[in-house]
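**Q** I'd like to ask you about the structure that follows.
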């Protein structure tokens, strides 16, 4: 199976640098242009499956890349971005001042400490791993488009490559780009990563 990984297009939250984990923020004008450019770059690919999270920025991006595609489109809530709790919609510089103790604790142990009223990375990583494992076990498709979030896509790649959570920061997924993973007999190979759509 060829798995095409795409990060959703830019949102106003991305542009302003605030945490927008589970906030349902739509694409901004630049994000729409990025999605349209990806649609042109991937026009020759026939996807027989389209996967998104439940958040609008992923479904919007997918709708530009694969408009009118008759392939099965599944929106999977477990592929939503991490929940930043009461830090949603806020910039880290403001949080470091206004919620200094909680922010310092989170920074010191980012894997196990959750933002106030939010989700720990440990829980986030586990839900991505479990959902991906379940989906792969049920998948019979040959070419799948998966539109996700920065954190989600990193966790998916770590899971496919059998890497630990500590490797989370070794990958990034740019907006307006796509990556291709070849999965055969349980083994995943990175064919390309962050191919820019011009």
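The values are calculated or read from the model by the stated rules, or taken from the named source; none is laboratory data. Just so you know, these numbers come straight off a predicted model, no measurement behind them. FYI the Cβ positions are ideal-geometry reconstructions off the backbone, even for glycines, and counts take in every protein chain you see.
**Q** Which condition number does residue 1 fail, the rest of (1) surrounded by fewer than 21 Cβ atoms within 10 Å (Cβ to Cβ); (2) without any contact (Cβ under 8 Å) to a residue 40 or more places away in the chain; (3) closer than 26 Å to residue 135 by Cβ being met?
**A** (2)
**Q** It is to be established whether one or more residues within the range 39-49 are more than 18 Å from the chain's Cα centre (by Cα), farther than 21 Å from residue 175 by Cβ and either at pLDDT 95 or above or surrounded by fewer than 15 Cβ atoms within 10 Å (Cβ to Cβ) (or both).
**A** Scanning the range 39-49, I find at least one residue that is more than 18 Å from the chain's Cα centre (by Cα), farther than 21 Å from residue 175 by Cβ and either at pLDDT 95 or above or surrounded by fewer than 15 Cβ atoms within 10 Å (Cβ to Cβ) (or both), so the answer is yes.
**Q** Tell me whether the range 180-195 contains one or more residues that are surrounded by 15 or more Cβ atoms within 10 Å (Cβ to Cβ), touching a strand residue (DSSP E or B) at 6+ places or on another chain (Cβ under 7 Å), under 21 Å from residue 21 (Cα atoms) and at pLDDT 95 or above.
**A** Scanning the range 180-195 turns up no residue that is surrounded by 15 or more Cβ atoms within 10 Å (Cβ to Cβ), touching a strand residue (DSSP E or B) at 6+ places or on another chain (Cβ under 7 Å), under 21 Å from residue 21 (Cα atoms) and at pLDDT 95 or above.
**Q** Related question: Could you check the range 55-68 and list, in sequence order, the residues that are part of a helix (DSSP H, G or I) and either touching a helix residue (DSSP H, G or I) at 6+ places or on another chain (Cβ under 6 Å) or over 26 Å from residue 83 (Cα atoms) (or both)? Reasoning before the result, please.
**A** Narrowing the range 55-68 to residues part of a helix (DSSP H, G or I): 56-65.
Within the range 55-68, 61, 64, 65 qualify.
**Q** Evaluate the following for residue 35: is it under 21 Å from residue 179 (Cα atoms), in contact (Cβ under 8 Å) with a residue 24 or more places away in the chain and surrounded by 17 or more Cβ atoms within 10 Å (Cβ to Cβ)?
**A** yes
**Q** From the set of residues in the range 134-155 that are within 8 Å of the chain's Cα centre (by Cα) and surrounded by 20 or more Cβ atoms within 10 Å (Cβ to Cβ), which is nearest to residue 46 (Cα to Cα)?
**A** 147
**Q** Additional query: Pick from 145, 136, 160: which is part of a helix (DSSP H, G or I) and touching a strand residue (DSSP E or B) at 6+ places or on another chain (Cβ under 6 Å)?
**A** That would be 160, the only listed residue that is part of a helix (DSSP H, G or I) and touching a strand residue (DSSP E or B) at 6+ places or on another chain (Cβ under 6 Å).
**Q** For the range 10-54, give me the residue count where each residue is under 16 Å from residue 145 (Cβ atoms), in contact with a strand residue (DSSP E or B) (Cβ under 8 Å, 6 or more places away or on another chain) and in a helix (DSSP H, G or I).
**A** Number of matching residues: 4.
**Q** Can you tell me which condition residue 97 does not meet? The list is (1) closer than 22 Å to residue 55 by Cβ; (2) out of contact with any helix residue (DSSP H, G or I) (no Cβ under 6 Å at 6 or more places or on another chain); (3) free of Cβ contacts under 8 Å to residues at least 24 places away in the same chain; (4) assigned to a helix (DSSP H, G or I), and all the others hold.
**A** (1)
**Q** Please work out which one of (1) buried (at least 17 other Cβ atoms within 10 Å of the Cβ); (2) closer than 22 Å to residue 20 by Cβ; (3) touching a residue at least 24 places away in the same chain (Cβ under 8 Å) is the condition residue 120 fails and give its number.
**A** In the conditions (1) buried (at least 17 other Cβ atoms within 10 Å of the Cβ); (2) closer than 22 Å to residue 20 by Cβ; (3) touching a residue at least 24 places away in the same chain (Cβ under 8 Å), residue 120 misses (3) alone.
**Q** Considering the range 64-89 alone, what residues qualify as being over 18 Å from residue 152 (Cβ atoms), modelled with pLDDT of 95 or more and surrounded by fewer than 16 Cβ atoms within 10 Å (Cβ to Cβ)?
**A** 86, 89
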